[in-house]
Amino acid sequence: MQQQFLYWFPEAEFEGARALLKKEGFRVSAAMLTPCQVMKAEGNRVVYAPPDVWPRICTRQSTWYRTSRRAGQFMLMSARRLPQALDVFLDAEIEATDFKPDRLPSEAELEAVVRADAYQKRKPPGWEAIGLKDAWLFKALFSITGFWRRRSDNLKRHWLGQRANHANFLARRFTTKWDGEDVAYSVTENASVCSSCVEFFNVVDDRARKLVRSCPGSVIFGSAPRNVFLDVKPIQIGVHRERVAS
């Protein structure tokens, strides 16, 4: 995976930014099904996710976005740095790594990180409200695509890991030294990751660096790499003060 650049635009700024990009020769397209489709940006094609794409498929999972400071904003991904006029909206650089944890946490350790106050107090209402529809969709989609191979694979089996992944990025119980920083990482295999968009796109802890494994959905819809940790490195360039000239 090549390096990618993540941008977040307030609604009032987005149309001006899109006009500027088209003027500069970029092809601008929208994610239609899930926000992780922005990861398909390549060359001079940039892909953005409007606010209404977040709940189209991942309704429960998108509660992280809808209750964050990002709510109502437009997200955009580019395979190369955009014109300098848009630097104030640059949020993070994302790049594949060769990181491999020495081991993954045990079930008891996953349960402990899920109990952490940092997760329990910050998880959005609705995120844990799983139902029969969720269980059926997960089973059908992930069995067909080969993420769940065992007959016993189901949402109940992976539910602890799905919560623990978000919990660890908030509680930071499992970290590694990365470029001299203590960086939290995903604590399960891909099959037990859910809504990695929360970390890929800096929805939570937007100032903290992260090493993130792709959820099956991002692999299917966003062509995200499997069995790879992506380095999400936040960039704080400036405050969004001025409108982008169209």
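Here are the numbers for the structure shown:
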item	result
The chain: projected area of the alpha-carbon convex hull, averaged over directions, in nm²	13.0
Semi-axis lengths (Å, descending) of the ellipsoid that matches the C-alpha gyration tensor of segment 4-96	21, 14, 12
Backbone N within segment 4-47 under 16 Å of label point (7 Å from SER223 Cα along the Cβ vector)	4-5, 27-47
Rel. contact order, % - alpha carbon contacts under 8 angstrom, at least six apart, the chain	25
Histogram of C-alpha separations across segment 89-174, 5 Å bin width, %	3, 12, 18, 17, 19, 20, 10, 2, 0, 0
Extension reserve of the ASP52-GLU93 stretch, reckoned as 0.36 nm per residue once the Cα distance is removed	12.4 nm
Rg(Cα)/(2.2 N^0.38 Å) for segment 107-226, N = residue count	1.05
Residues ARG69 and LEU132, FRET efficiency given R0 of 35 Å [Cβ-Cβ distance, rounded to 0.05]	0.60
Built amide H within the under 5 Å cut-off of ASP91, gap 5+	LEU6, TYR7, TRP8
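Computed from the coordinates by the stated procedures, all read-outs in this text should not be read as laboratory data. Keep in mind it's a predicted model, so treat the numbers as computed, not measured. Cβ sites come from the backbone with ideal geometry, for glycine too, and all protein chains shown count toward neighbours.
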